[in-house]
Amino acid sequence: MSWKEYNESLVRYDDLGFSLDLSLMDVTADYKAGLGDKITKVFDDMVALEGGAIANPDEARMVGHYWLRNPELAPTGELKAAITQPLKDLKEFAEHVHTGRVVTFEGKIFKELLLIGIGGSALGPQLVSQAIGKDAKMKITFFDNTDPQGMDDTLATLNMAETLVLIISKSGGTPETRNGMLEAKAAFEKAGIDFGKHAVAVTGVGSKLDRFAEEHGFIARFPMDDWIGGRTSVLSTVGLVPAALQGLDIDALLAGAAAMDEKTRSREADDNAALQLAIAWHKATNGRGEKDMVILPYKDSLVLFSKYLQQLVMESLGKEKDLDGNVVNQGIAVYGNKGSTDQHAYVQQLRDGVNNFFATFIEVRRGREGKSIEVDPGNTSADYLQGFMRGTRGALYENGRKSLTISIYEVTPFSLGMLIALFERTVSFYATLVNINAYHQPGVEAGKAAAATFLNLLGRVRGRLVSEAKNADEVAFEVDGDPEAVYHCLVHLANNGEAQMSMGKSPAEDLFQL
Ligand SMILES: O=P(O)(O)OC[C@H]1O[C@](O)(CO)[C@@H](O)[C@@H]1O
């Protein structure tokens, strides 16, 4: 670590108040030179992707999230209109909600939002509201799971009579989101509210959700296009409808992303933060995901950034095969929370334990608006936050642990847009470096199919319960199922009031009856 390396490795965008310090990643000029041809391909692939090539060969889709903040880039007028028109519509809709032209079932102003979605249809909106939503016009809560207790707990915090429900699902067929919507609908109806008059859908045109919304007279429907992936959808209708309803500055969010896109579109490799970051990931992980990425924003409002990046990075890069069909089992594991809090949790292991990670510090230069008190002579809380961040970087490096530091001036819609765009493009670049498709998610389908098989078995097991006690082997024989899977069905039914269970000495001896 040296002053010279710091100066030489820094990518600084003074006009954006942004810098990326890679001096503690030890990426040498020779390493970069060794990636020469791949770097040319990185730029060529990006030109093709932004030009509307089929960048997701498996699903024969274009990948157009970069157009969302610069619709002029969209390859056709039709695609451009598919961005600009919904943007205009959603702004107008938010204004109508705020000014009372769109009102509740009882003719009152909507004051709260309940967003129902999962994965990319929730994580982006959650990040945005946590990061920049402190003065939001409408309070927002989320259903992002099919946990019934979680939904009950969330519903209990709402004033349903004043709540607008946003159901967000690109495919319109995701079971967790469908369940959440049906649960909310039942709760609203129980409270005497016409659900459709409180509901808005963001989904693909013609999807199951779209049809449901039409049939149930939803107040509004916003389209989500197939050329936007869920994990890169935060700057589409998915993120912008809730953000506009919260009264957040969506133009600044988009402008921040557009500004970072502009900088990182440059073929000047040394001045391209996304490229330098992708190369640093490659060096740290040996291009094979050998190290995990620990995200440490030193700012409470960015606490969800690691969760957001977890999906963006892991769903994009976690792939079994490369583009030539070779088994490569790629990916980079992402976790984190915030500093300095994590110094009192897992940073001990980072410093002294297994060296299987590289850290990403996110520095927010300004501590707070206005004056600070001195917490001890001469020092403020912000001084401490900075001290802990600088100290941790140094302590990690001393022990051979790599880190990089991204600095922004403060967390604003603009800077959040920049950060989102930076990581989106870094993921695109890295995917080219390691020759994988970042834009499909075949692995998720396996879990969905297995869940459907379990639900089918559960239905059959449920039908075999009688007043006479049976063990799992007996029921398994009757339904022609695997005894362990049948046992879990029986335990589930017993724990949810649909069966009685008496414990034996082992699961095989447990008995179940109606
Ligand atoms: O918006 P949808 O279609 O409900 O999908 C939600 C999430 O599910 C996934 O498709 C994975 O199952 C994610 O990629 C996506 O963000």
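The values are calculated or read from the model by the stated rules, or taken from the named source; none is laboratory data. Computed from a predicted model, the values in this text were never measured in an experiment. Cβ coordinates were reconstructed from backbone atoms using ideal geometry, including for glycine residues, and neighbour counts include every protein chain displayed. Remember, those area values only see protein heavy atoms, side chains included, never the ligands or the DNA or RNA. Shrake-Rupley method; radii C 1.70, N 1.55, O 1.52, S 1.80 Å.
Over the Cα atoms of the stretch 350-469, what Rg and Dmax result, in angstrom?
Gyration radius and largest Cα-Cα distance of the stretch 350-469: 24.7, 76 Å.
Could you tell me what percent of the DSSP beta bridges with both partners in the chain are antiparallel, to the nearest 5? Don't skip to the answer; put the middle values down first.
On the way: 14 of 48 bridges.
Looking only at bridges with both residues in the chain, the antiparallel portion is about 30 percent.
First select every other residue whose beta carbon is under 12 angstrom from the beta carbon of Phe195; then total the charges, Lys and Arg +1, Asp and Glu -1.
With Lys, Arg at +1 and Asp, Glu at -1, the neighbours total -1.
With all protein chains present, how much of the accessible area of the chain (probe radius 1.4 Å) comes from carbon and sulfur, to the nearest whole percent? Each step should come with its number before you reach the end.
Details: 11610 of 22920 Å².
Solvent-exposed carbon and sulfur of the chain make up 51 percent of the total.
Could you list, bin by bin from short to long, the percent of Cα-Cα pairs of the stretch 273-368 in 10 Å steps?
15, 43, 32, 9, 2, 0
Sorted from largest down, give the three principal axis spans of the alpha carbons of the stretch 334-373, whole angstrom values.
The principal-axis extents, from largest down, are 41, 18, 13 Å.
Would you please put 467-473, 240-246 in order of how densely packed they are, using the mean number of other Cβ atoms within 10 angstrom per residue and starting with the highest?
240-246, 467-473
Listed highest first by mean packing, meaning other Cβ atoms within 10 Å per residue, what order do 315-324, 247-256 come in?
Working: 315-324: 17.8, 247-256: 20.4.
Averaged packing, sorted descending, gives the order 247-256, 315-324.
Over all directions, how big on average is the projection of the convex hull of the alpha-carbon atoms in the stretch 1-66, in square nanometres? Write out the running numbers ahead of the final one.
On the way: hull surface 26.5 nm².
Averaging across all directions leaves 6.6 nm² for the Cα convex hull.
Give me the extension gain from Ser502 to Ala53: residue separation times 0.36 nm, minus the current Cα-Cα distance, reported in nm with one decimal. Let's see the in-between values first.
Details: separation 449, 0.36 × 449 = 161.64 nm, distance 6.04 nm.
Using 0.36 nm per residue and subtracting the Cα-Cα distance, I get 155.6 nm.
Excluding ligands, DNA and RNA, what is the solvent-accessible area per residue of the chain at a probe of 1.4 Å, expressed in Å²? Could the numbers behind the result be given before it?
Values: 22920 Å² over 514 residues.
Value for the chain: 45 Å² per residue.
Could you compute the FRET efficiency for Lys4 and Arg351, with r as their C-beta to C-beta distance and R0 at 30 Å, rounded to 0.05? Could the numbers behind the result be given before it?
Numbers: r = 26 Å, r/R0 = 0.85.
With R0 = 30 Å, the Cβ-Cβ based efficiency is 0.70.
With the cut-off at 18 Å, tell me which of the pairs Lys108/Lys137; Lys470/Lys505; Lys91/Lys185; Lys108/Lys139; Lys32/Lys263; Lys41/Lys319 have Cα atoms farther apart than that.
In this structure, Lys91/Lys185; Lys32/Lys263; Lys41/Lys319 lie more than 18 Å apart at Cα.
How much of the pair distance distribution for the chain lies past 43 Å, counting alpha-carbon pairs only, in percent? Spell out each step's value before the answer.
Details: 32687 of 131841 pairs.
Here the long-distance tail beyond 43 Å is 25 percent of all Cα pairs in the chain.
Percent relative contact order of the chain, based on C-alpha pairs within less than 8 angstrom and at least six residues apart?
Working: 893 pairs, mean separation 82.0, N = 514.
Once normalised by length, the contact order is 16 percent.
In the stretch 109-154, what is the volume of the convex hull around the alpha carbon atoms, normalised per residue and reported in Å³?
Output value, Cα hull per residue: 75 Å³.
Please report, to one decimal in angstroms, the Kirkwood hydrodynamic radius of the stretch 185-318 built from all distinct Cα-Cα pairs.
Values: mean 1/r = 0.0547 Å⁻¹.
In the stretch 185-318 this quantity evaluates to 18.3 Å.
If I model a spin label at His96 and Glu484 as a point 7 Å from the Cα along the Cα→Cβ vector, what separation in nanometres do I get?
The answer from the label model is 5.4 nm.
With the Cα gyration tensor of the stretch 407-507 in hand, give its eigenvalues times 5 under a square root as the equivalent ellipsoid semi-axes, listed largest first in whole angstrom. Please list the in-between numbers first.
Values: eigenvalues 490, 67, 24 Å².
Listed largest to smallest, the semi-axes of the stretch 407-507 are 49, 18, 11 Å.
So which lysines pass the test for Lys371, namely a Cα distance under 19 Å, with those fewer than 8 places away in the same chain ruled out?
Hits, sequence-local ones excluded: Lys299.
Okay, helix-only estimate at 222 nm for the chain: each DSSP H run of n ≥ 4 adds -39500 (n - 2.57), divide by all residues, round to 500 deg cm²/dmol; what do you get? Walk me through the numbers before you get to the answer.
On the way: 18 runs with 231 residues, N = 514.
The helix contribution divided over the chain gives -14000 deg cm²/dmol.
With unit charges on the beta carbons (Lys and Arg positive, Asp and Glu negative) and the dipole taken about the Cα centre of the chain, which residue among Gly196, Asn399, Tyr13 sits farthest to the positive side?
Tyr13
Percent relative contact order of the stretch 18-151, based on C-alpha pairs within less than 8 angstrom and at least six residues apart?
Working: 92 pairs, mean separation 16.1, N = 134.
Here the relative contact order equals 12 percent.
Report the relative contact order of the stretch 352-424, percent, no decimals, based on alpha-carbon pairs under 8 angstrom and at least 6 residues apart.
Once normalised by length, the contact order is 46 percent.
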